[in-house]
Amino acid sequence: MPLLCPSGIECLLDTSQIVIHTGNLRHDIFLNIKNIRRMEAISEMRRILFYIEQDPLPALFKNSFLFRVYNRNKEEVMQVLNPASHTCIACGLNLHWFKFCRFEAVVYSPPGTVAGFIKRRSTCLVQEFQILGPCEEVLLRLRGSPNDLKVYSVDLLHELGRLSIHGWVGVMHEIRRTANDYGLTFPIDLDVHVKGLLLSSVIAIDWLYSTQGNR
């Protein structure tokens, strides 16, 4: 029997393409007094699905983050937390594959309930992230460059979607507002829990390569 859809992310049920806008928000529901990182998730129907806001953390936790995801009713429906990223000794070289080698983020949906994890695998040739379920079972893999990741099945035999900041055409290109906006595609019949984890992976990967390092 399939798990019930977490309250607040039902809008993902009939969605297969999302643009994540990372610049100044046009439909701003918060006063951004502290200039914290914020995003909007927009569907292929040009409908805002979620507002995403980073919680300000003390300087002591500069290698950690907490993002809160709100629906259109301003209700918090998801959290993406990175308790601490363990950096390699070579991270100062500013090379992508050496940054935050043991990076991991926890996804809560609804808040307080573990929905899954985003883990970065240590590879030298390509970037790879694993989408894990609540029991840390591998559900999907993301492989490629920081700017262009393909979504694969667990066995890497089937390409299921894409996470990229370039190369989009049609509606996905029209919805994007800046060159740094992410496009995310996946099968429309993908489990809604996994869709939520994929959206969370965009948040985590953006923090990893935009906030903490160069692309």
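Remarks
- With the whole protein complex present, D148 retains an accessible surface near 40 Å², based on a 1.4 Å probe.
- Between H166 and M45, the contour length at 0.36 nm per residue exceeds the Cα-Cα span by 41.6 nm.
- Label-point separation in nm, V154 to N63, each point 7 Å along Cα→Cβ: 3.1 nm
- For A115, the amide hydrogen comes within under 5 Å of the amide hydrogens of V107, Y108, S109, counting only partners 5 or more places away or on other chains and with H modelled in the peptide plane.
- Rounded to the nearest whole Hz, the Karplus-based 3J(HN,Hα) values (6.51 cos²θ - 1.76 cosθ + 1.60, θ = phi - 60°) of region 10-19 follow the sequence 4, 5, 7, 4, 10, 10, 10, 9, 9, 10, with x at glycine and proline.
- Between I36 and L125, the simple label model (points 7 Å from Cα in the Cβ direction) yields a spacing of 4.1 nm.
- Taking all protein chains together and a 1.4 Å probe, the residues E40, E53 rank E53, E40 from largest to smallest accessible area.
The values are calculated or read from the model by the stated rules, or taken from the named source; none is laboratory data. Predicted model only: the values in this text are computed from it and were never measured. Positions of Cβ are backbone-derived with ideal geometry, glycine not excepted, and every protein chain shown enters the neighbour counts. Heads up: the accessible areas ignore ligands, DNA and RNA and are worked out on the full protein's heavy atoms, side chains in. Shrake-Rupley method; radii C 1.70, N 1.55, O 1.52, S 1.80 Å.
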